[in-house]
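Trainee: Below are the structure tokens for one structure; questions will follow.
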Amino acid sequence: MNPYRFENQNREIVLSRYNMPTPWMNYLSNGTLHAMISQAGGGVAWYRSPQIWRINHYRFFHLPTDRSGFYTYIKDGDSVWCPTSEPCACKPEKWEAAHGMGYTRFSAERDGLHAEATYLVSPLKNVMLWHLELRSDYDRNVTIYPYVELGMMEFMRELQWQCYNKHQLSVYEKDGVLIYRYGVENQPKPDETPLVYFASDAPAAGFDCDRDEFVGSYRSEEAPIGLEHEHLKNSTLFGGDPCFALELPLTLRAGEAKSVNIYLGTELTGDEIFRSLAACKAPDFFAASMQKLAETWEDFFSGFQCSLPDKDAETMINIWNPYQMERNFRFSRNISYYATGTFRGVGVRDTAQDVLAMIPLQLDRAKEKFEQLLTQQYQDGHCNHYFFPTEGWEPVTRLHSDNHLWLVMDAYHIALEEGNVSYLDTQAPYFDGGSGTIWEHIKQSIRFTTQNMGAHGFPLMLSSDWNDMLYKVCRKGKGESIWTGMQFAVALRMMQELAERKGEPEFAEECKALYARQQALCRTLAWDGAWFRRCITDEGRFIGSESEPQARIWLNTQSWSVLSGLGTQEQQRQAMNSVKEYLDTDLGIKKIHPAMTTDYPTKEENLTCYNKGCGENGSVFCHANTWAIIAECMLKRPENAWKYYHQLLPMVAQKTAGAERYKAEPYVYSSNIFGPESDKFGLANVSWLTGTAAWMYLAATQYLLGVRPTWDGLEIDPCLPEYLLPAKVTRVFRGCTYHITIEHTGKSVLIPHKADRKEYSVSI
């Protein structure tokens, strides 16, 4: 029996089993207060930054996994259970959970007591709202105990100095509200550090703020000792291990339903806490919060919707892929079940790619994020690798050959979406002082690459390119990236277009000449006979060649030879044929073949420490698969394009691999799947926060369905197998809602833009 089902009319996935192979997460957020919550109630909340303002304790990769979390114990006579199912040993007789758009809901029943618990971060206040609805088949008295294990807000300080700094924490009660104050020596941004509060709209008969008092020595969340006492001890904490626990007695009559709201929130002062709570306790606050969430997501999704015979693809394109993409856009690669949210800031490269997918849906948000990225560019054109806009820490300055070129792609696609280049005149500061227009910024991106070319004529690798593993080929500063040369070519074609529209013909010609130089090199020096080589080491050795004993073919240079147009038509087709022959599997396309051992190219200068089939060493790197899909669309080979797309749909890949092998969520993309040279072939790794989400959305909407902007209007250029037709698309573009029916593939139609047009229907 399948343990989940998609309820697309509600934009939910409903789960019938709490003990999934790994935690299946959802993200809750209002832009300031955030939380991750699993299908069993585990998770973590944070204010603005998970690095310095983490609220509760969560044990990443801990056994048992998925502890602690946001729990509400129900004490009913001699039994104690939770609507989340976890962590109690006593389980509900009936149970299901549902992840929705910005909320998670649990429905459970035991011995005639029905409980529904909905968790969300309210869009109206900085509060994580737990809304409980209880109904009993007969008269009974129950007590509910909402509980959160608090941690130190600074995760690294908790790991290193917890034994000292925990005695500087305070948790206390004031007028029925539990308040956590984090104030330790040398903490970052103490004036911006919030108070955390915990309260309910039901009267409390007791509370605990000391975890040892509530959980007990040699006990766990599974059976807290506090629930065995008549009442909680009303413990406060001025140094020690903190928690929030409330005791809320309820009397239920037969058939009667009661609701209880629990508030886990943040404010900067005590007065603000009580003002916020007054608003939160309004009778319609939960309903208003849910309504606002629904309206927000309805507006977000309305920009692009489709109808397809393949309902798995339809589910992903309409709901879960853009939802994941938005969460990526918001959180970058910061915190997930796989990433602890420590010392990982906003990546310029990563976020620039997230911006690309946000442009068609929420252009203003895309512009705002893009302009933030521009602040990390230096006057010479290069960029910081990632930065910490919330924490205020110094950025990571590692110099990659690709970071600054993604900025060109963002600027181009923003201008293309608007149909003009006026946005490029917007001023933006440089990281090292001064400012320039966006146009000047992206021209410097081009200048930086032209000033950092290797001996063979390809861009220098610098610290690495998109593939971080390749840092070892350029330790002496001479290694070159053939792939960056292809990315550079894409940027050059964009810049040539922009220059022509800005009336700078000389720069347009310069871009054209630089492109021709990379094209000539690609067609000769980069070509290996059946595919394109990947890079050149400091010593002049070509990686990604038939003559090499390992890692003979790499995915990215094959797909980008098409995206860039650098290869001849024959080379492009042959390169992608080689991808199908050597790299494709039933679970996606491997990044390289064959995988490497730890002594390649030499024991002293080995390229990888990854085991075979893992990570960059022969896994199915889902992010890179998206470019192969686009490449096949550009080659007008719909059968190949759809195969590559369809086999990586999360619910399809999970079914192919088997749920216990795949493990990760079947509703969001993972970064990679272990490849066939691993004994765990099919294991999905690092779900949610991955560039796969943005690029898979672009591949599906702009290439498979083929709906993409041009300077003059909207182009419809689908690349779908005939059995997926007819397909229907609704796309909001420049103020007009287009209703598109696709009855034939391989035919391109341009719909000219008209400023006064509000709605338009077309069939091709």
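The values are calculated or read from the model by the stated rules, or taken from the named source; none is laboratory data. As the structure is a computational prediction, the values presented were derived from the model and not from experiment. Counting neighbours? That spans all protein chains shown, and the Cβs are built from the backbone with ideal geometry, glycine included.
Trainee: Could you list, in sequence order, the residues of the stretch 193-213 that are out of contact with any Phe, Trp or Tyr (no Cβ under 6 Å at 6 or more places or on another chain), within 20 Å of Val142 (Cβ to Cβ) and part of a strand (DSSP E or B)?
Mentor: Selection gives Ser200, Gly206, Phe207.
Trainee: Regarding the stretch 741-762, can at least one residue be identified that is modelled with pLDDT of 95 or more, in contact with a His (Cβ under 8 Å, 6 or more places away or on another chain), surrounded by 15 or more Cβ atoms within 10 Å (Cβ to Cβ) and not aromatic (Phe, Trp, Tyr)?
Mentor: Taking every residue of the stretch 741-762 in turn, none turns out to be modelled with pLDDT of 95 or more, in contact with a His (Cβ under 8 Å, 6 or more places away or on another chain), surrounded by 15 or more Cβ atoms within 10 Å (Cβ to Cβ) and not aromatic (Phe, Trp, Tyr).
Trainee: Give the number of residues within the stretch 245-257 that are within 15 Å of Tyr197 (Cβ to Cβ) and out of contact with any helix residue (DSSP H, G or I) (no Cβ under 9 Å at 6 or more places or on another chain).
Mentor: 1
Trainee: Now, a different point. Where the second residue is surrounded by fewer than 19 Cβ atoms within 10 Å (Cβ to Cβ) and of a type in the set (Lys, Arg) and the first is assigned by TED's automatic domain parsing to the domain that holds Lys636 and modelled with pLDDT of 95 or more and lies in the stretch 719-740, which pairs have Cβ atoms under 6 Å and are six or more apart or on separate chains?
Mentor: From residues that are assigned by TED's automatic domain parsing to the domain that holds Lys636 and modelled with pLDDT of 95 or more, the pairs are Cys736/Arg757; Cys736/Lys758.
Trainee: Another one. Could you give me the residue pairs with C-beta distances under 7 Å whose first residue belongs to the stretch 552-577 and is not assigned by TED's automatic domain parsing to the domain that holds Ile592, whose second residue is buried (at least 21 other Cβ atoms within 10 Å of the Cβ) and of a type in the set (Asp, Glu) wherever it lies, and which are 6+ apart or on separate chains?
Mentor: Hits for this filter: Met576/Glu632.
Trainee: Further, regarding this structure: Any residue at all in the stretch 284-302 that's touching a helix residue (DSSP H, G or I) at 6+ places or on another chain (Cβ under 8 Å), farther than 26 Å from Gly691 by Cβ and not assigned by TED's automatic domain parsing to the domain that holds Thr741?
Mentor: Yes.
Trainee: While we're on this one: Take the stretch 332-365 and flag every residue that is aliphatic (A, V, I, L, M) and at pLDDT 90 or above.
Mentor: Hits for the stretch 332-365 are Ile335, Val346, Val348, Ala352, Val355, Leu356, Ala357, Met358, Ile359, Leu361, Leu363.
Trainee: Let me ask something additional. Select from the stretch 612-630 the residues that are among the small types (Gly, Ala, Ser) and under 19 Å from the mean Cα position of the chain (by Cα) and write down the one among them that is surrounded by the fewest Cβ atoms within 10 Å (Cβ to Cβ).
Mentor: Gly615
Trainee: Does Met101 fit the bill of being under 26 Å from Met651 (Cβ atoms) and not in a strand (DSSP E or B)?
Mentor: Answer is yes for this residue.
Trainee: Can you report the number of residues in the stretch 102-127 which are of a type outside the set (Val, Ile, Thr) and closer than 29 Å to Gly77 by Cα?
Mentor: Counting residues in the stretch 102-127 that are of a type outside the set (Val, Ile, Thr) and closer than 29 Å to Gly77 by Cα gives 14.
Trainee: Another question, if that's okay. Restricting to the stretch 112-130, name every residue that is polar (S, T, N, Q) and in a strand (DSSP E or B).
Mentor: Thr118
Trainee: Could you identify the single residue in Ile273, Ile262 that is of a type outside the set (Phe, Trp, Tyr), at pLDDT 95 or above, in the same structural domain as Asp137 (by TED's automatic domain parsing) and not in a helix (DSSP H, G or I)?
Mentor: Step by step, each of Ile273, Ile262 is checked, and only Ile262 is of a type outside the set (Phe, Trp, Tyr), at pLDDT 95 or above, in the same structural domain as Asp137 (by TED's automatic domain parsing) and not in a helix (DSSP H, G or I).
Trainee: Follow-up. Output the qualifying pairs, or none if there are none: Cβ atoms under 9 angstrom, residues six or more apart or on different chains, first residue in the stretch 747-758 and within 13 Å of Gly419 (Cα to Cα), second residue of a type in the set (S, T, N, Q).
Mentor: His753/Thr710
Trainee: Test each condition in (1) at pLDDT below 95; (2) crowded, with 24+ Cβ neighbours inside 10 Å for Gln39 and report the one that comes out false.
Mentor: Gln39 satisfies every listed condition except (1).
Trainee: Next question. Here are some residues: Pro87, Pro83. Which one is assigned to a loop (DSSP other than H, G, I, E, B) and free of Cβ contacts under 8 Å to residues at least 60 places away in the same chain?
Mentor: On inspection, the qualifying residue turns out to be Pro83.
Trainee: Quick one: Ile589 ticks every box in (1) at pLDDT 95 or above; (2) surrounded by fewer than 23 Cβ atoms within 10 Å (Cβ to Cβ) except a single one, so which number is it?
Mentor: Here Ile589 meets the rest and fails (2).
Trainee: Among the residues that make up the stretch 369-388, is at least one of them on the phi > 0 side of the Ramachandran plot and at pLDDT below 95?
Mentor: Checking the stretch 369-388: not a single residue is on the phi > 0 side of the Ramachandran plot and at pLDDT below 95.
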